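K.L.:
One structure coming up, written as structure tokens, with questions to follow.
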Amino acid sequence: AVVSTQSTGSNLHENSKTWFHSSSVSSNFAQKKNCRLEGLDMFESNHPNYISTNSQSFDDCLYKCSWKDGCNAVSYNSKTRKCTSVQRRSGLMIYPVRDTYSTSIYCSSGWSSFEGWKQCVKRDVKLGSGHTLATASRVASLEECVSLCQMTDDCTAVTYTSTFCSLIQYLSAGHTVTSPGTDSINLKCLVSDKPVEKCMMSETVFSNQYRIGMTRVSDLRKCVEFCGNGVKGCEGVSFSDSTLSCEAFSTRDSQNTFRDVNYSSVSLACVGVKEI
């Protein structure tokens, strides 16, 4: 694919290590179905979300990232058990380090079979509201278009026509325009049909200050679908079995939760990373 976008610039770090621009490897990275960069570390120490903690495993590292606002990728060293949170989906710079694995948490979302995408693909439809972050020509398929989006910061949706792909920061869920021959996908929809049980925090509710939507649904699964398909900026949900109240929030950070025996909460990013 040939990608066109505005350059934001980056700083090169000159030392004994061999450095790569993250953009030079992210396309191949995104198309790996297991979504892991083996033997490569992401670097982004100039950002406050570049935080290292200890984790028992790579999956545990991903889980912690999925419950942290601003964390969009991780690097994990299996020997030191150091888990590093990164804001950029493909880091600022990438360099070789033994026993290290890196991934964007969004890269895992939607890597089920394309058959499972059917409910999320809007045929003959173009997204009617949003900011185009980049466009790419000679893109072989809608799946490849989605993989580019998964590794592009702030990208939450795509439109695809023939071999032309647009990466979009989707601003208004539900607003579409008829466009014959165009397919569109909201990436958050891709995780909304995945199992939620392992990502559920029982007796927990997100803080009201982050609430951006409410509805009534039959179960937690439907609540996650509500977040993924129709609420602008939704990152997490809290659901009450007793009242069937489904609340959507602009946060997924576990630090923004409180104990409430009537609610269970889910990070939408966590539902995606469990597919790795």
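K.L.:
Val224 - would you say it is in contact with a strand residue (DSSP E or B) (Cβ under 7 Å, 6 or more places away or on another chain) and in a helix (DSSP H, G or I)?
P.N.:
yes
K.L.:
Any idea which of (1) buried (at least 22 other Cβ atoms within 10 Å of the Cβ); (2) farther than 30 Å from Phe164 by Cα is the one Ser184 doesn't satisfy?
P.N.:
Only one criterion in (1) buried (at least 22 other Cβ atoms within 10 Å of the Cβ); (2) farther than 30 Å from Phe164 by Cα is unmet by Ser184, namely (2).
K.L.:
Taking into account only those residues within segment 187-221 that are of a type in the set (Ser, Thr, Tyr) and in a loop (DSSP other than H, G, I, E, B), which is most open to solvent (accessible area, probe 1.4 Å)?
P.N.:
Filtering segment 187-221 for residues that are of a type in the set (Ser, Thr, Tyr) and in a loop (DSSP other than H, G, I, E, B), the one most open to solvent (accessible area, probe 1.4 Å) comes out as Ser218.
K.L.:
Would you check which residues across segment 226-247 are farther than 17 Å from Ile212 by Cα and either among the acidic types (Asp, Glu) or surrounded by 18 or more Cβ atoms within 10 Å (Cβ to Cβ) (or both) and list them?
P.N.:
Correct list: Asp241 only.
K.L.:
Something else now. Taking Gly174 as the residue in question, decide whether it is at pLDDT below 85 and on the phi > 0 side of the Ramachandran plot. Full working, then the answer.
P.N.:
On the way: at pLDDT below 85: yes; on the phi > 0 side of the Ramachandran plot: yes.
Yes, satisfied.
K.L.:
Being crowded, with 18+ Cβ neighbours inside 10 Å, under 22 Å from Tyr170 (Cα atoms) and of a type outside the set (Lys, Arg) is true for just one of Ser265, Ser250. Which residue is that? Full working, then the answer.
P.N.:
Details: Ser265 fails: under 22 Å from Tyr170 (Cα atoms).
That would be Ser250, the only listed residue that is crowded, with 18+ Cβ neighbours inside 10 Å, under 22 Å from Tyr170 (Cα atoms) and of a type outside the set (Lys, Arg).
K.L.:
Given the criteria closer than 20 Å to Val191 by Cβ, over 17 Å from the mean Cα position of the chain (by Cα) and among the small types (Gly, Ala, Ser), does Ser265 qualify?
P.N.:
Answer is yes for this residue.
K.L.:
Same structure, new question: What strands (runs of 3 or more DSSP E), lying completely within segment 27-126, carry at least 1 residues that are open to solvent by 40 Å² or more (accessible area, probe 1.4 Å), at pLDDT below 90 and farther than 27 Å from Thr182 by Cβ?
P.N.:
37-43, 51-54, 93-104
K.L.:
Starting from segment 68-90, keep only residues that are of a type in the set (D, E, K, R), then list their pairs with residues that are in a strand (DSSP E or B) whose Cβ atoms are within a distance under 6 Å, requiring at least 6 positions of separation or different chains.
P.N.:
Lys79/Asp99; Arg81/Asn54; Lys82/Ser52; Arg89/Ala73; Arg89/Ser104
K.L.:
Taking only pairs six or more apart or across chains, which ones have beta-carbon atoms under 9 Å, a first residue in segment 220-236 that is farther than 21 Å from His175 by Cβ, and a second residue that is of a type in the set (Ser, Thr, Tyr) and in a helix (DSSP H, G or I)?
P.N.:
Gly236/Tyr210
K.L.:
Taking the condition of being outside any helix (DSSP H, G or I) and modelled with pLDDT under 85, how many residues in segment 132-151 meet it?
P.N.:
Adding up the residues that qualify gives 1.
The values are calculated or read from the model by the stated rules, or taken from the named source; none is laboratory data. Being a predicted model, the structure only gives us computed values, none of them experimental. Don't worry about glycine lacking a Cβ; one is built from the backbone with ideal geometry, like all the others, and counts go over all protein chains shown. The area values use the complete protein model at the heavy-atom level, side chains included, leaving out ligands, DNA and RNA. Shrake-Rupley method; radii C 1.70, N 1.55, O 1.52, S 1.80 Å.
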